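As structure tokens, the structure follows; a few thoughts come after it.
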């Protein structure tokens, strides 16, 4: 199963990749590959855990770096440029991992277009614009309001009633969110905070779209084509709203922030998580990935000097607990 996708510290789990198989009767079965030794298997597992930890660190620290970058690059240009800059990294990953170029499969095209609109345009657009006014640490937590949104989507669209445990965890997440909103709701802050919550709803819709898609290709190929489509599309939006790109966007410190949010966080962070997902169980990858918003919350305090308000920290603890407990429930 392909591991979770990652965009901006934001993680989503695709459905299993479906590949065509055949069982010819006229040819003998291939000789099974030798079982790796316990030492080799332990080394692979250790390396996968290290890569996943590095991925969580990159995706978490990405939050304050994005906030820094918005001081030098307008929001829509930041989205467009980070996607364009990430493309070579995703391409390199596919070349090294699959030893081929990206493949566009017609059966996955509706998913690719849907994720472009819901996640790269809707979610990232609302998130990045709102991040100009909301503390990075607060935004990193509020975006993970997804358990409640997915429960609402499952009931409204798929007519699936939540179980008691799932409903309780969603309400716990909502309570934490309400506390954060109460502690952060200053004049001029309500609209950006609402924008973060709407970004979370778009993200939840994108995850549900991915989860219900019958895959024909791989998540890596889909991600490449998503970035290839969304980057220029957001470039047109940026041109219309913010005007032409300026030379200063490609000078230090703007290019350093773009390099981190794009190739490092979205590219290398995704690649490390993808590699870890080939070795570690998917539920464990998902559980460890829930540490990314916590890293974002703490790194915003360390790098930006954002104060940690007790009420915000308490609300964040409730939301992250609900997220982790929900993931733990899927590991059993």
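Summary table below
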{"item": "Single residue of 326, 259, 315 found to be within 19 Å of the chain's Cα centre (by Cα), touching a residue at least 60 places away in the same chain (Cβ under 8 Å) and crowded, with 20+ Cβ neighbours inside 10 Å", "result": "326"}
{"item": "Criterion (in a helix (DSSP H, G or I) and more than 22 Å from residue 139 (Cα to Cα)) met by exactly one of 236, 295", "result": "236"}
{"item": "So residue 217, is it touching a residue at least 24 places away in the same chain (Cβ under 8 Å), crowded, with 18+ Cβ neighbours inside 10 Å, within 24 Å of residue 146 (Cβ to Cβ) and touching a helix residue (DSSP H, G or I) at 6+ places or on another chain (Cβ under 8 Å)", "result": "no"}
{"item": "Matching residues in region 153-165 - criterion: being more than 21 Å from the chain's Cα centre (by Cα), under 23 Å from residue 196 (Cβ atoms) and touching a residue at least 40 places away in the same chain (Cβ under 8 Å)", "result": "157"}
{"item": "Any chance residue 126 is under 16 Å from the mean Cα position of the chain (by Cα), under 28 Å from residue 300 (Cβ atoms), surrounded by fewer than 22 Cβ atoms within 10 Å (Cβ to Cβ) and touching a residue at least 40 places away in the same chain (Cβ under 8 Å)", "result": "no"}
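Values quoted throughout were computed directly from the atomic coordinates according to the rules given, and no laboratory measurement underlies them. Note that the structure is a prediction, hence the values are computed from the model and not measured. Don't worry about glycine lacking a Cβ; one is built from the backbone with ideal geometry, like all the others, and counts go over all protein chains shown.
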